[in-house]
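First comes the structure, then the notes that go with it.
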Amino acid sequence: MNLVLFGPPAAGKGTQAKRLTAERGYVQLSTGDMLRAARKSGSELGQRVAAIMDAGNLVSDEIVIALIEEALAANSRAPGFIFDGFPRTVAQAEALDAMLGRHGQQIDCVIRLEVDSQKLMDRVAKRFAEEGRADDNPDAYKVRLDAYIAQTAPLLPYYERQGKLVGVDGMSDVETVARAIAAALDV
Ligand code: AMP
(Lines give C-alpha, C1' and ligand atoms only; values in the text may rest on other atoms or scores of the structure.)
Protein backbone atom coordinates (compact mmCIF):
# COMPACT_ATOMS: atom_id res chain seq x y z
CA MET A 1 0.00 0.00 0.00
CA ASN A 2 1.44 3.34 -1.03
CA LEU A 3 -0.39 6.41 0.06
CA VAL A 4 -0.09 10.14 -0.21
CA LEU A 5 -1.11 12.28 2.75
CA PHE A 6 -2.29 15.45 1.13
CA GLY A 7 -3.24 18.82 2.58
CA PRO A 8 -2.04 22.34 3.32
CA PRO A 9 0.91 22.93 5.66
CA ALA A 10 -0.12 22.22 9.29
CA ALA A 11 -3.06 20.02 8.26
CA GLY A 12 -1.64 17.19 10.40
CA LYS A 13 0.09 15.12 7.70
CA GLY A 14 3.28 14.49 9.69
CA THR A 15 1.42 13.51 12.86
CA GLN A 16 -0.82 11.06 11.02
CA ALA A 17 2.08 9.68 8.96
CA LYS A 18 3.97 8.84 12.16
CA ARG A 19 0.94 6.99 13.54
CA LEU A 20 0.53 4.96 10.36
CA THR A 21 4.22 4.12 10.46
CA ALA A 22 3.92 2.87 14.04
CA GLU A 23 0.70 0.96 13.43
CA ARG A 24 1.26 -0.51 9.97
CA GLY A 25 5.00 -0.51 9.41
CA TYR A 26 4.82 1.72 6.38
CA VAL A 27 7.84 3.92 5.71
CA GLN A 28 7.19 7.67 5.99
CA LEU A 29 8.87 9.70 3.28
CA SER A 30 8.69 13.39 4.22
CA THR A 31 10.64 15.67 1.91
CA GLY A 32 10.32 18.43 4.53
CA ASP A 33 12.03 16.20 7.13
CA MET A 34 14.71 15.19 4.60
CA LEU A 35 15.44 18.82 3.75
CA ARG A 36 15.55 19.82 7.43
CA ALA A 37 17.99 16.95 8.07
CA ALA A 38 20.17 18.15 5.17
CA ARG A 39 20.24 21.63 6.72
CA LYS A 40 21.12 20.29 10.14
CA SER A 41 23.98 18.25 8.70
CA GLY A 42 25.37 21.40 7.06
CA SER A 43 25.56 19.67 3.66
CA GLU A 44 25.86 21.63 0.45
CA LEU A 45 22.23 20.77 -0.37
CA GLY A 46 21.13 21.99 3.06
CA GLN A 47 22.89 25.30 2.55
CA ARG A 48 21.35 25.68 -0.90
CA VAL A 49 17.75 25.24 0.30
CA ALA A 50 17.88 27.07 3.66
CA ALA A 51 16.78 30.53 2.53
CA ILE A 52 14.11 29.14 0.17
CA MET A 53 12.57 27.09 2.99
CA ASP A 54 12.70 29.86 5.57
CA ALA A 55 10.86 32.18 3.20
CA GLY A 56 8.16 29.54 2.72
CA ASN A 57 8.82 28.88 -0.97
CA LEU A 58 9.05 25.49 -2.65
CA VAL A 59 12.48 24.11 -3.46
CA SER A 60 12.99 22.85 -7.00
CA ASP A 61 11.26 19.74 -8.30
CA GLU A 62 14.65 18.26 -9.26
CA ILE A 63 15.90 18.37 -5.67
CA VAL A 64 12.88 16.74 -4.03
CA ILE A 65 12.42 14.15 -6.80
CA ALA A 66 16.06 13.10 -6.36
CA LEU A 67 15.55 12.79 -2.57
CA ILE A 68 12.50 10.55 -3.07
CA GLU A 69 14.25 8.46 -5.71
CA GLU A 70 17.12 7.78 -3.27
CA ALA A 71 14.73 6.97 -0.42
CA LEU A 72 12.72 4.52 -2.55
CA ALA A 73 15.90 2.71 -3.55
CA ALA A 74 17.11 2.60 0.06
CA ASN A 75 13.82 1.09 1.30
CA SER A 76 13.10 -1.44 -1.42
CA ARG A 77 11.68 -3.96 1.08
CA ALA A 78 9.19 -1.59 2.71
CA PRO A 79 5.62 -2.92 2.95
CA GLY A 80 4.37 0.47 1.82
CA PHE A 81 5.21 4.16 1.72
CA ILE A 82 3.48 7.20 3.13
CA PHE A 83 4.35 10.25 1.10
CA ASP A 84 4.10 13.27 3.39
CA GLY A 85 4.55 16.71 1.83
CA PHE A 86 5.41 15.15 -1.53
CA PRO A 87 4.29 15.51 -4.26
CA ARG A 88 3.63 19.25 -4.14
CA THR A 89 3.51 19.99 -7.88
CA VAL A 90 2.04 18.19 -10.88
CA ALA A 91 5.59 17.57 -12.18
CA GLN A 92 6.46 15.85 -8.88
CA ALA A 93 3.30 13.71 -9.05
CA GLU A 94 4.13 12.62 -12.58
CA ALA A 95 7.70 11.81 -11.57
CA LEU A 96 6.42 9.82 -8.57
CA ASP A 97 4.08 7.76 -10.77
CA ALA A 98 6.98 7.03 -13.12
CA MET A 99 9.40 6.11 -10.29
CA LEU A 100 6.90 3.76 -8.63
CA GLY A 101 6.05 2.29 -12.02
CA ARG A 102 9.70 1.36 -12.51
CA HIS A 103 9.48 -0.62 -9.24
CA GLY A 104 6.22 -2.27 -10.38
CA GLN A 105 4.24 -0.16 -7.89
CA GLN A 106 1.74 2.68 -7.85
CA ILE A 107 -0.01 5.14 -5.55
CA ASP A 108 -3.01 3.30 -4.14
CA CYS A 109 -4.72 6.05 -2.18
CA VAL A 110 -4.50 9.81 -1.66
CA ILE A 111 -5.90 10.96 1.67
CA ARG A 112 -6.84 14.61 1.62
CA LEU A 113 -6.90 16.11 5.11
CA GLU A 114 -9.52 18.87 5.10
CA VAL A 115 -8.90 21.67 7.61
CA ASP A 116 -10.31 25.19 7.41
CA SER A 117 -7.99 28.19 7.26
CA GLN A 118 -8.79 29.51 10.77
CA LYS A 119 -7.85 26.16 12.29
CA LEU A 120 -4.64 26.04 10.21
CA MET A 121 -3.68 29.51 11.50
CA ASP A 122 -4.36 28.45 15.11
CA ARG A 123 -2.29 25.27 14.71
CA VAL A 124 0.65 26.96 13.08
CA ALA A 125 0.72 29.75 15.68
CA LYS A 126 0.85 27.08 18.40
CA ARG A 127 3.60 25.15 16.60
CA PHE A 128 5.62 28.35 16.07
CA ALA A 129 5.39 29.09 19.80
CA GLU A 130 6.38 25.54 20.75
CA GLU A 131 9.00 24.63 18.11
CA GLY A 132 10.11 27.96 16.66
CA ARG A 133 10.31 26.71 13.05
CA ALA A 134 11.28 29.80 11.01
CA ASP A 135 8.81 28.94 8.25
CA ASP A 136 5.92 28.84 10.74
CA ASN A 137 6.17 32.60 11.34
CA PRO A 138 3.04 34.35 10.01
CA ASP A 139 4.71 35.89 6.91
CA ALA A 140 6.38 32.66 5.81
CA TYR A 141 3.27 30.65 6.56
CA LYS A 142 1.26 32.90 4.26
CA VAL A 143 3.78 32.23 1.46
CA ARG A 144 3.50 28.47 2.14
CA LEU A 145 -0.29 28.59 2.03
CA ASP A 146 -0.17 30.59 -1.23
CA ALA A 147 2.26 28.02 -2.70
CA TYR A 148 -0.15 25.27 -1.65
CA ILE A 149 -3.07 26.99 -3.37
CA ALA A 150 -1.17 27.88 -6.56
CA GLN A 151 1.11 24.85 -7.03
CA THR A 152 -0.17 21.96 -4.91
CA ALA A 153 -3.98 22.18 -5.01
CA PRO A 154 -3.91 21.52 -8.81
CA LEU A 155 -2.92 17.96 -7.85
CA LEU A 156 -6.44 17.36 -6.56
CA PRO A 157 -7.97 16.98 -10.04
CA TYR A 158 -4.88 14.94 -11.06
CA TYR A 159 -5.61 12.33 -8.39
CA GLU A 160 -9.36 12.67 -8.70
CA ARG A 161 -9.09 11.66 -12.36
CA GLN A 162 -7.15 8.58 -11.25
CA GLY A 163 -9.99 7.74 -8.80
CA LYS A 164 -7.60 7.76 -5.82
CA LEU A 165 -8.69 10.81 -3.85
CA VAL A 166 -10.43 10.30 -0.48
CA GLY A 167 -11.43 13.28 1.67
CA VAL A 168 -11.01 13.01 5.45
CA ASP A 169 -12.17 15.59 7.99
CA GLY A 170 -8.94 16.83 9.57
CA MET A 171 -10.55 19.27 12.02
CA SER A 172 -10.89 16.90 14.98
CA ASP A 173 -8.35 15.61 17.49
CA VAL A 174 -5.49 13.30 16.42
CA GLU A 175 -7.32 10.09 17.47
CA THR A 176 -10.52 10.88 15.60
CA VAL A 177 -8.64 11.82 12.43
CA ALA A 178 -6.54 8.63 12.71
CA ARG A 179 -9.74 6.55 12.94
CA ALA A 180 -11.18 8.29 9.86
CA ILE A 181 -7.96 7.58 7.92
CA ALA A 182 -7.98 3.93 9.00
CA ALA A 183 -11.59 3.61 7.88
CA ALA A 184 -10.70 5.09 4.49
CA LEU A 185 -7.74 2.72 4.06
CA ASP A 186 -9.53 -0.41 5.20
CA VAL A 187 -12.58 -0.27 2.92
P1 AMP B 1 7.01 20.66 5.12
O2 AMP B 1 7.65 20.24 6.38
O3 AMP B 1 6.48 19.50 4.30
O4 AMP B 1 5.96 21.72 5.31
O5 AMP B 1 8.16 21.30 4.21
C6 AMP B 1 8.91 22.41 4.66
C7 AMP B 1 9.50 23.14 3.47
O8 AMP B 1 10.38 22.26 2.74
C9 AMP B 1 8.51 23.63 2.42
O10 AMP B 1 7.92 24.88 2.76
C11 AMP B 1 9.41 23.74 1.19
O12 AMP B 1 10.27 24.86 1.27
C13 AMP B 1 10.27 22.50 1.34
N14 AMP B 1 9.62 21.31 0.74
C15 AMP B 1 9.22 20.19 1.39
N16 AMP B 1 8.69 19.30 0.54
C17 AMP B 1 8.72 19.89 -0.69
C18 AMP B 1 8.30 19.49 -1.99
N19 AMP B 1 7.69 18.30 -2.19
N20 AMP B 1 8.51 20.35 -3.02
C21 AMP B 1 9.11 21.53 -2.83
N22 AMP B 1 9.52 21.98 -1.63
C23 AMP B 1 9.34 21.17 -0.56
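Structural remarks
- Residue within segment 65-78 that is near the ligand (Cβ under 10 Å from one of its atoms), at negative phi and in contact with an Asp or Glu (Cβ under 6 Å, 6 or more places away or on another chain) present: no
- For Gln28: the one exception among (1) surrounded by 15 or more Cβ atoms within 10 Å (Cβ to Cβ); (2) near the ligand (Cβ under 10 Å from one of its atoms): (2)
- Residue pairs whose Cβ atoms lie under 6 Å apart, separated by 6 or more positions or on different chains, with the first residue in segment 34-52 and hydroxyl-bearing (Ser, Thr, Tyr) and the second outside any helix (DSSP H, G or I), do not occur.
- Segment 144-165, subset open to solvent by 50 Å² or more (accessible area, probe 1.4 Å) and touching a helix residue (DSSP H, G or I) at 6+ places or on another chain (Cβ under 9 Å), residue farthest from the ligand (Cβ to nearest atom): Gln162
- Breaking point among (1) in contact with a strand residue (DSSP E or B) (Cβ under 7 Å, 6 or more places away or on another chain); (2) within 15 Å of the ligand (Cβ to nearest atom); (3) part of a helix (DSSP H, G or I); (4) closer than 22 Å to Glu114 by Cβ, for Thr15: (1)
- Residues that are more than 14 Å from Ala153 (Cα to Cα), open to solvent by less than 70 Å² (accessible area, probe 1.4 Å) and part of a helix (DSSP H, G or I) within segment 86-116 comprise Ala95, Leu96, Asp97, Ala98, Met99, Leu100, Gly101, listed in sequence order.
The values are calculated or read from the model by the stated rules, or taken from the named source; none is laboratory data. Source: prediction; values computed, not measured. Don't worry about glycine lacking a Cβ; one is built from the backbone with ideal geometry, like all the others, and counts go over all protein chains shown. Please note that ligands, DNA and RNA were not included when accessible areas were found on the heavy atoms of the full protein model with its side chains. Shrake-Rupley method; radii C 1.70, N 1.55, O 1.52, S 1.80 Å.
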